[in-house]
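Enquirer: Here's a structure for you.
The values are calculated or read from the model by the stated rules, or taken from the named source; none is laboratory data. In this text, all values refer to a predicted model and were calculated from it rather than measured experimentally. Methodologically, a virtual Cβ is constructed for each residue, glycine included, from the backbone with ideal geometry; neighbour enumeration extends over all protein chains shown. Accessible surface areas use protein heavy atoms only, side chains included; no ligands, DNA or RNA. Shrake-Rupley method; radii C 1.70, N 1.55, O 1.52, S 1.80 Å.
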Amino acid sequence: EKGGYDWFMRKEIYEQPQAVSDTLLGRFDADRQLTLDEIRIAPAELRSIDKIVIVACGTAYYAGLVAKYAIEHWTRVPCEVEIASEFRYRDPIITPRTLVVTISQSGETADTLMAVRHAREQGAKVIAICNTNGSTIPRESDAVIYTHAGPEIGVASTKGFLTQVTACYLLGLYLAQVRGTKFGDEIATIMAELETMPAKIQQVLDGTEDLHALARELHQVPSVLFLGRHVGYPVALEGALKLKEIAYLHAEGFPAGELKHGPIALVEEGIPVFVVVPPQGRDQLHDKVISNIQEVRARGARTIVLVEEGDAEVEPYADKLIRLPKASTLLQPLLATVPLQIFACEVATLLGHDVDQPRNLAKSVTVE
Ligand code: M6R
């Protein structure tokens, strides 16, 4: 049932083009209107919300962090992202005008479920983004957007993450459509780019043979750092989490601009530092990230740089380049995450770990 793959995780990584395409399927109709039939919350009510709060755990939380950038940019509604286990215990400010969005692959995560209950008690509307039909979180929410990724068996979430980001983007665009903060043709342009992503994810998958050699070189290091900015920051966090949970390696993700405020002290001779570079030209942060790469390299780091094809500026400072197809900044996480998933899977395999069932972890965490 692993379809010829050694691990479910690897199978699920390779299913991502299909999974993302299934998340997008049938959402954009012939009149170029985004339709999310599942959202049974009246447009008038969606127009009245004054705050969005995304609540989730682990990888789903990182998907929420990515989504915040897009949702705020498209809707101009303030959007907070919070770890579910922290949410209800701090007396959060939730009103009937707050839209709470939960993200959960399993739909059974206790921390997230408790957050749903708390939010609804405060009169907020709750939309669940979920992969598991009929699971508890969607049942207890006002509406659900299913990600349609198919079953995810590997404990390490992979296609879960990519489809969660995609579903959040659909929600963001839908809110922008309903609230009139984006014109129809702008939404159509973004939808058209989203629809190109499955093919680009496939391109990334087709070009990852050399990650095996990279994993061979690096699987015995004591620690790995990941840097990114803007949407690249949650990608860095996700890359680090994958290494922690299946390879049991110490790994940390940081916002690249935060380096000089402390973490750069960790950089010593030979430490691998993965860096996600924003698209060149169209992004003001591109040059800043290149300087960050120079800073860690000058201190002895081995830099592994994820950068879009055609960007030559970073070449002199990269010990290893991982090329990504071109995409706009907001969509780059759908590509940049994939090599990090494969790298973690390769390292864990080399170390002889059970990739699908890492120690101490369960696929769905049904206790608070
Ligand atoms: O089923 P959920 O999406 O609610 O699960 C949330 C986290 O437990 C989950 O993403 C966890 O962090 C994964 N093992 C990460 O790979």
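Enquirer: Would you list Arg27, Arg88 from the most to the least accessible area, probe 1.4 Å?
Expert: Descending accessible area places them as Arg88, Arg27.
Enquirer: Next up: If ligands, DNA and RNA are left out, what is the accessible area of Cys57 with a 1.4 Å probe, given in Å² to the nearest 10?
Expert: In the full protein context, Cys57 sits at about 40 Å².
Enquirer: Just the accessible area for Met197, please: 1.4 Å probe, Å², rounded to the nearest 10?
Expert: 0 Å²
Enquirer: Would you calculate, for the chain, the mean residue ellipticity at 222 nm contributed by helices, counting each DSSP H stretch of 4 or more residues as -39,500 (n - 2.57) and dividing by all residues, to the nearest 500?
Expert: After summing the helix terms and dividing by residue count, I get -13000 deg cm²/dmol.
Enquirer: Taking H placed 1.01 Å from N in the peptide plane, check which residues at least 5 places from Ile54 or on another chain put their amide H under 5 Å from its amide H.
Expert: Glu80, Val81, Glu82, Val101
Enquirer: Related question: Please figure out what share of the DSSP beta bridges in the chain is antiparallel and state it in percent, rounded to the nearest 5.
Expert: Numbers: 1 of 41 bridges.
Of those bridges, close to 0 percent are antiparallel.
Enquirer: Would you kindly derive the ³J(HN,Hα) couplings of the range 236-250 from the backbone phi angles with the Karplus curve 6.51 cos²θ - 1.76 cosθ + 1.60 (θ = phi - 60°), listing them in order in whole Hz, with x for Gly and Pro?
Expert: My calculation for the range 236-250 gives 4, 4, 5, x, 5, 4, 4, 5, 4, 6, 10, 9, 6, 9, 6 Hz in order.
Enquirer: How far is it, in nm, from the label point at Arg40 to the one at Tyr89 when both lie 7 Å from their Cα along the line to the Cβ?
Expert: With each label placed 7 Å out from Cα toward Cβ, I get 3.4 nm.
Enquirer: As a test question: what accessible area, to the nearest 10 Å², does Arg229 have when a 1.4 Å probe is rolled over all protein chains in place?
Expert: Roughly 60 Å² of Arg229 is accessible to a 1.4 Å probe.
Enquirer: Enter the angle in degrees (range 0 to 90, nearest 10) between the Cα long axis of helix 110-121 and the first principal axis of the Cα atoms of the chain, meaning the one along which they spread out most.
Expert: Result, in degrees: 30.
Enquirer: Still on this structure, I have one more. Multiply the residue gap between Thr196 and Glu140 by 0.36 nm, knock off their C-alpha separation, and tell me the result in nm, one decimal place.
Expert: Extra length available between Thr196 and Glu140 comes to 16.8 nm.
Enquirer: Of the listed pairs Lys125/Lys244; Lys2/Lys288; Lys200/Lys242, which have alpha-carbon separations greater than 32 Å here?
Expert: Lys125/Lys244; Lys2/Lys288, as the Cα separations exceed 32 Å there.
Enquirer: By how many degrees, 0 to 90 and rounded to 10, does the Cα axis of helix 184-206 deviate from the longest principal axis of the chain?
Expert: Taking the Cα atoms of the chain, the angle to 184-206 is about 40 degrees.
Enquirer: Further question: List the residues whose amide H sits under 5 Å from the amide H of Ile129, counting only those 5 or more places along or on another chain, with H placed 1.01 Å from N in the peptide plane.
Expert: Long-range HN contacts for Ile129: Thr102, Ile103, Ser104, Ile145.
Enquirer: To the nearest 0.05, how large is the calculated FRET efficiency for Arg299 and Ser364 if R₀ is 25 Å and r is the Cβ-Cβ distance?
Expert: 0.05
Enquirer: By how many degrees, 0 to 90 and rounded to 10, does the Cα axis of helix 159-179 deviate from the longest principal axis of the chain?
Expert: Between helix and principal axis, roughly 40 degrees.
Enquirer: When the solvent-accessible surface of protein heavy atoms is calculated with a 1.4 angstrom probe, in what order do Asp6, Asp37 fall, highest first?
Expert: Result, largest first: Asp37, Asp6.
Enquirer: Moving on to the next point. Using Cα positions and a limit of under 12 Å, work out the aspartates and glutamates in reach of Lys11, with same-chain residues fewer than 8 apart set aside.
Expert: Glu1, Glu152, Asp356
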